[in-house]
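Single-structure report; data block below.
Bear in mind that the values in this text are calculations on the coordinates, not laboratory data. Given the structure is predicted, the values throughout are model-derived calculations rather than measurements. Because the Cβ atoms are built from the backbone with ideal geometry, glycine has one as well, and the counts that use them run over all protein chains shown.
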Amino acid sequence: MTTRLQPGDPAPDFTLPSDTGESVTLSDLRGSKVVVYFYPAAMTPGCTKQACDFSDAIDRFTGEGYTVLGISPDKPEKLAKFRERDGLGITLLSDPEKEVLTAWGAFGEKKLYGKVVTGVIRSTFVVGEDGSVEHAAYNVKATGHVAKLRKDLGLGA
């Protein structure tokens, strides 16, 4: 059973390569708020919808001091194609070994079309300026989730 993070837990630190080839380390972002979301695969319909929704709202997030990081098991090259194809304005990070996904409880058993499978659990977290988890949501829907998160964070619908 995968351990799930709860509000108040320290956010597990990570350093991952981005779609631009740079490394991003979560602890380097201390002092600012970070939205970390995990998604199964770049360039699939649901993941594209979610990434586009975050990109469409990026000014709202950054205007309130949030950095948005999307993490999937895809390699940086595929993430770069995803960014280019869909004009994404968020930072995409690669976790092909699924170590960060696992540490955050975003990889494990889930139901897919009524079957229990092992894979990426679509999840979203808000990490506070002190590095602790302020919001943890597992098994989120790709469609409508960004609008709900913005509402929950008081960033407008």
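What's the extension gain from GLU97 to GLU84 if we count 0.36 nm per residue and subtract their Cα-Cα distance?
2.3 nm
Quick one: if the Förster radius is 35 Å, what FRET efficiency do ARG4 and ARG60 give, using the C-beta to C-beta distance and rounding to 0.05? Intermediate values should be presented prior to the final figure.
On the way: r = 27 Å, r/R0 = 0.78.
Calculated value: 0.80.
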18 Å Cα-Cα reach of LYS110 towards aspartates and glutamates, excluding residues that sit fewer than 8 places from it in its own chain: GLU99
Explain nothing, just the number: relative contact order of the stretch 15-150, from Cα pairs under 8 Å at least 6 residues apart, as a whole percent. 30 percent
So for the pair ASP152, ASP28, with labels modelled 7 Å out along Cα→Cβ, what separation do we get in nm? 2.7 nm
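Quick check on the chain: helices-only [θ] at 222 nm, where DSSP H runs of length 4 and up contribute -39,500 (n - 2.57) each and the sum goes over total residues. Nearest 500, please. Walk me through the numbers before you get to the answer.
Working: 5 runs with 42 residues, N = 157.
Result for the chain: -7500 deg cm²/dmol, rounded to the nearest 500.
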Once the chain is represented by equal point scatterers at the alpha-carbon sites, with solvent omitted, what log10 I(q)/I(0) does the Debye formula produce at q = 0.11, 0.16, 0.17, 0.20 Å⁻¹? -0.38, -0.85, -0.98, -1.43
Under the rule of at least 5 residues apart or a separate chain, name every residue whose amide H is placed under 5 Å from the amide H of GLY89. SER55
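Arranged by the count of other C-beta atoms within 10 angstrom, fewest first, what order do SER72, SER55 take?
Listing SER72, SER55 from fewest to most nearby Cβ atoms yields SER55, SER72.
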